[in-house]
Amino acid sequence: MEYILTSKKFTEALKEGKFLGLKCHQCSGYTAPPQKVCSQCGSEDMEIVELSRQGKVRTFTVIHVAAEGYQAPYIVALIELEEGPWVTANIINMDPEAATMDIIGRQGKIDYQDIITDIFSGGERIALTFSLTDST
Ligand SMILES: [Zn+2]
């Protein structure tokens, strides 16, 4: 079984401004981030499609002890994409100390940021980000 959309290809596309996912030919469901099989029905019969980047916050947590390459505090959220799948992304345009349950359900847009790691960690990494685009 092969990945039709590898994480390398996914990352390279992001840097070119494209947010890629997979569309299933069996159930028409979307899968993101890339996996070997459809997250809805398990089929491998999928094609690569560009996703809209639009989504809404379903839940979140504020991280106070940072993973390597991150600066605490920051907000990690589960974002429900317009196409259906849920992805993890860091909300970047809100003060983590001011984050309340009110941000659940808010609309925004997916992008990415480079994560700086030391040379022992395998070099370059990126993380998905989410910017709230609606007003409160
Ligand atoms: Zn499917």
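Tell me yes or no: at least one residue of segment 43-52 is of a type in the set (S, T, N, Q) and modelled with pLDDT of 95 or more. Within segment 43-52 (the criterion being of a type in the set (S, T, N, Q) and modelled with pLDDT of 95 or more), the answer is yes, since at least one residue qualifies. With respect to the conditions (1) part of a loop (DSSP other than H, G, I, E, B); (2) within 16 Å of the ligand (Cβ to nearest atom), residue 48 lacks only one, and its number is (1). Residues considered: 113, 71. Of these, the only one that is surrounded by fewer than 17 Cβ atoms within 10 Å (Cβ to Cβ), in a loop (DSSP other than H, G, I, E, B), at negative phi and more than 16 Å from the ligand (Cβ to nearest atom) is 71. Among the conditions (1) within 12 Å of the ligand (Cβ to nearest atom); (2) within 19 Å of residue 77 (Cα to Cα); (3) open to solvent by 40 Å² or more (accessible area, probe 1.4 Å), the only one that residue 61 does not satisfy is (1). Look at segment 76-88: where a residue is farther than 17 Å from residue 133 by Cα and a partner is charged (D, E, K, R) and modelled with pLDDT of 95 or more, sitting 6+ places away or on another chain with Cβ atoms under 8 Å, you get 86/58; 86/80.
Is it true that residue 81 is away from the ligand (no atom under 15 Å from the Cβ) and not assigned by TED's automatic domain parsing to the domain that holds residue 103? Here the answer is no, as residue 81 does not meet what is asked.
Contact map, segment 36-54: residues that are within 24 Å of residue 107 (Cα to Cα) and open to solvent by less than 70 Å² (accessible area, probe 1.4 Å) paired with residues that are more than 8 Å from the ligand (Cβ to nearest atom) and among the basic types (Lys, Arg), Cβ distance under 6 Å, separation 6+ or inter-chain. Pairs shown: 49/23; 53/109.
Does segment 4-32 hold any residues that are within 16 Å of the ligand (Cβ to nearest atom) and either closer than 11 Å to residue 112 by Cβ or open to solvent by 80 Å² or more (accessible area, probe 1.4 Å) (or both), and which are they? Explain how you work it out, then say what you get.
Let us first name the residues in segment 4-32 that are within 16 Å of the ligand (Cβ to nearest atom), namely 4-5, 21-32.
Passing the criteria: 25, 26.
Summed over segment 93-108, the residues that are surrounded by fewer than 17 Cβ atoms within 10 Å (Cβ to Cβ) and part of a loop (DSSP other than H, G, I, E, B) give a count of 5.
Look at residue 66 and say whether it is surrounded by 13 or more Cβ atoms within 10 Å (Cβ to Cβ) and within 21 Å of residue 114 (Cβ to Cβ). Walk me through it before giving the result.
Numbers: surrounded by 13 or more Cβ atoms within 10 Å (Cβ to Cβ): no; within 21 Å of residue 114 (Cβ to Cβ): yes.
So residue 66 does not fit the description; no.
Apart from one condition, residue 14 fits all of (1) in a loop (DSSP other than H, G, I, E, B); (2) outside the structural domain of residue 97 (by TED's automatic domain parsing); (3) touching a residue at least 24 places away in the same chain (Cβ under 8 Å); the exception is (1). Of everything listed in (1) open to solvent by 60 Å² or more (accessible area, probe 1.4 Å); (2) at pLDDT 95 or above; (3) in a loop (DSSP other than H, G, I, E, B), the single unmet condition for residue 83 is (1).
The values are calculated or read from the model by the stated rules, or taken from the named source; none is laboratory data. Predicted model only: the values in this text are computed from it and were never measured. Please note: Cβ atoms are built from the backbone with ideal geometry, for glycine as well, and neighbour counts cover all protein chains shown. Accessible surface areas use protein heavy atoms only, side chains included; no ligands, DNA or RNA. Shrake-Rupley method; radii C 1.70, N 1.55, O 1.52, S 1.80 Å.
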